[in-house]
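*Asks:* Take this structure first; my questions come after.
None of the figures in this text is laboratory data; all of them are computed from the coordinates on show. Just so it is clear, the model here is predicted, and its values are computed rather than measured. Ideal geometry is used to build each Cβ from the backbone, glycine not excepted, and the neighbour counts take in all protein chains shown.
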Amino acid sequence: MGKILVVIEPNQDASMQMFTVAKELGGETDAIVMNDCECVSILPCSTAYNFSMDMYLPLQATDAVAKAIEISGATTVLIAATQVGRDLAPRVAARCGGSLIGDCTTVSNESGSIQCTRPVYGGKFVATIQAGDGLNIITVRPNAFASTDETGSPTVQTIETNHDDRETISAVEESGTNEMGVADADVIVSGGRPMGSEENFASLYELAHLLGGTVGASRAAVDEGYQPVARQVGLTGTVVAPRLYIACGIDGAIQHLAGMRGSQVIVAINTNPDAPIFKVATYGCVIDLFELVPALTKQLQQSPQPA
Amino acid sequence: MKILAITNAVPDPRGTLTTGDLNINSGGVKWAINPYDEYAVEQAVQLKEQRDDVDEVIVIAVGGDEAVTALRHAMAMGADRGIHIVCNDVWHDDLYVAKCIADAIETSGDTFDLLLCGKTNLSRDSESMGPALAEFLDIPHVGSVITLVVGDESATATHRVAGANETVEVKLPALVMCDKTLVDPRYPPLPKVMQARKKPLETIEPTTITSKTAVIEFNSPPEKGACTVIEGSPEEMASELLRVLREEAKVL
């Protein structure tokens, strides 16, 4: 196994999971941290590169990562498939003449060559993909691998990059809350049309926050205006694969199932025992969500999740 | 100003796909334009309708016969002409598609001020083609765009990032990946569909490169074990559910 370069987004646990992937592949590991971060000096790697970039900009980030690949001599680059990772990886692959395997759920070293699996066709199939010769850029789905608490004392090297004046962030408008997006969440509590109103979603937010997650919605609930489009889970919304997905009052239209069936554990709460959602669920509760959700919330408040 | 919209054909999600050894047997499956690409085509056509300086909207697709379905649909929506890069491989990765399109643009001699594509390709479940194409062409790109204003030398695009809407200004030429809610794609009436059949569709061979990655096999996803039904009163259900999530599934 040649040298591995891990790309780190500050404060992104999914990035730290890439060290676990690197360990599994086996090979000397370097890292590059996007933006200055105190974490750089304790990352579990040989050399940690960093560069200054307040907010993610594709051309500048590509330039920095490409430089790190060249300096480190890495042949494998691991990036968490977050919103930023998915945007950055293809540019890096194109810039450096590498191959790209995106959104992998497994990555393994098969006698020196890398094999990955990833869902295709809305999760209907899993493709096993053989990495190419030379440089491979691989993005890995958040939570497909465990995170690491390991630390190290790498040599820190700063990479000089310049802002490319063809791209500029001209405004950032906070969308009111600091609510995390569904794509990056570890736990998602999703509501369907039976939620009945935007106000009723408050109970799902309360439950989601107790579990350290956020709220998603079915297309029906979004079409009714109960939640913004950004919260929609499904093929035409966001495809998600959290550790825990709790579907409340969602029957499970095929487009919705395709958008969440990759979740590690699925809980279905629905009054209809024949709803398709039970076919993909790990645990099923045939009950009105308005009875079970408050009971869950109350018990979690009494015995909270360890932080 | 010339605008290029990139389209893909995807199988109807309600159809049945079966796995072969190295193949996904799509016989009998209905193909349609990738839903996100409709936003790209609609945005391109609206710009042509709104501005006097848009000379042409061209659509391009890489693939086998199914790609023609997407191209004809885009032309029925109002694109002027199509380019079909013929590739009958079952699997082509996003980088390959991006390189084929970048090479085709270079060979054609056309210069595009704006390139539009869908945010996600729903058959490859992937968002990689757009950024890769932008890189091959050495132009900026913006992902997941929900509002777009195109000026003469730059474009202003808003996209969602964690907890915020970020507005990015990019110099043209640039590539914009179109998300839901950017525009409302029109459904072309039959006369437009008929007219689209007569619009020019150029067929070209891909450049000789092949995908650098190879698919070894396609499998059905591992079967989920049967769903464990939890019973009892709401309180009993809640405590049992939390117990199994903590102790059996170990996800809490």
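*Asks:* Starting from 0 in steps of 10 Å, tell me what percent of the Cα-Cα pairs of segment A:4-158 lands in each bin.
*Replies:* In whole percents, the pair-distance histogram is 12, 46, 35, 7, 0.
*Asks:* Over all directions, the average projected area of the alpha-carbon convex hull for segment B:100-252 comes to how many nm²? List each step's numbers first, then the result.
*Replies:* Numbers: hull surface 67.3 nm².
Taking the Cα atoms of segment B:100-252, their convex hull projects to 16.8 nm² on average.
*Asks:* For segment B:2-204, what size does the Cα cloud have along each of its three principal axes, sorted from largest down, in whole Å?
*Replies:* 47, 40, 33
*Asks:* Could I ask something else about it? What's the long-distance tail for chain A, i.e. % of Cα pairs beyond 33 Å? Walk me through the numbers before you get to the answer.
*Replies:* Numbers: 14574 of 46971 pairs.
That tail contains 31 percent of the Cα-Cα pairs.
*Asks:* Using only DSSP helix segments of four residues or longer, with each worth -39500 (n - 2.57), what per-residue ellipticity at 222 nm results for chain A after dividing by its residue count and rounding to 500? Write down the numbers at each step before the final one.
*Replies:* Values: 8 runs with 82 residues, N = 307.
One gets -8000 deg cm²/dmol as the mean residue ellipticity at 222 nm.
*Asks:* Separate question: Dividing the convex hull volume of the Cα atoms of segment A:8-84 by its residue count, what figure in Å³ per residue is obtained?
*Replies:* Values: hull volume 6.9 nm³, N = 77.
Normalising the Cα hull of segment A:8-84 by residue number yields 89 Å³.
*Asks:* Once every Cα of the protein assembly as shown carries one equal point scatterer and solvent is ignored, give the base-10 log of I(q)/I(0) from the Debye formula at q = 0.06, 0.09, 0.10 Å⁻¹, two decimals.
*Replies:* -0.29, -0.67, -0.84
*Asks:* For segment B:187-252, run through the trypsin sites (Lys or Arg not before Pro) and keep only the ones in DSSP coil with at most 10 other Cβ atoms within 10 Å of their Cβ.
*Replies:* Those that pass, being in a loop and sparsely packed, are B:197, B:198.
*Asks:* Magnitude of the Cβ-charge dipole of segment A:4-158, K/R +1 and D/E -1, about the Cα centre, nearest 20 debye?
*Replies:* Numbers: 8 positive and 16 negative charges, 112 e Å.
It comes to approximately 540 debye.
*Asks:* Just in segment A:143-248: which GluC sites (Glu not before Pro) are loop by DSSP and have at most 16 other Cβ atoms within 10 Å?
*Replies:* On the way: sites: A:150, A:160, A:167, A:173, A:174, A:179, A:198, A:199, A:206, A:224; in loops: A:150, A:160, A:179, A:198, A:199, A:224.
When the GluC sites (Glu not before Pro) of segment A:143-248 are filtered for loop state and at most 16 Cβ neighbours within 10 Å, A:150, A:160, A:198, A:199, A:224 remain.
*Asks:* Compute the distribution of all C-alpha to C-alpha distances in segment B:172-252, in bins of 10 Å from 0, and list the percent of pairs in each, rounded to whole numbers.
*Replies:* Computed distribution, short to long bins: 10, 14, 18, 21, 17, 15, 5.
*Asks:* Over what distance in Å are the Cα centres of segment A:1-79 and segment B:66-82 separated?
*Replies:* Centre-to-centre (Cα) distance: 41 Å.
*Asks:* When the distances between all Cα atoms of segment A:182-302 are binned every 5 Å from zero, what whole-number percent does each bin get?
*Replies:* 2, 14, 25, 28, 22, 8, 1, 0
*Asks:* So if we plug the beta-carbon distance of residue B:236 and residue A:301 into 1/(1 + (r/R0)^6) with R0 = 25 Å, what FRET efficiency do we get, rounded to 0.05? Don't skip to the answer; put the middle values down first.
*Replies:* Numbers: r = 18 Å, r/R0 = 0.70.
With R0 = 25 Å, the Cβ-Cβ based efficiency is 0.90.
*Asks:* Going by amide H atoms built from the backbone, whose H comes under 5 Å of the H on residue A:284, apart from near neighbours?
*Replies:* Amide H to amide H, under 5 Å and 5 or more residues apart or across chains, residue A:284 pairs with A:268, B:228, B:229, B:230.
*Asks:* Can you sort B:158, A:139, B:111 from fewest to most other Cβ atoms within 10 Å of each residue's own Cβ? If you can, show how the numbers build up before the last one.
*Replies:* Working: B:158 20, A:139 31, B:111 10.
Final ranking by Cβ density, sparse to dense: B:111, B:158, A:139.
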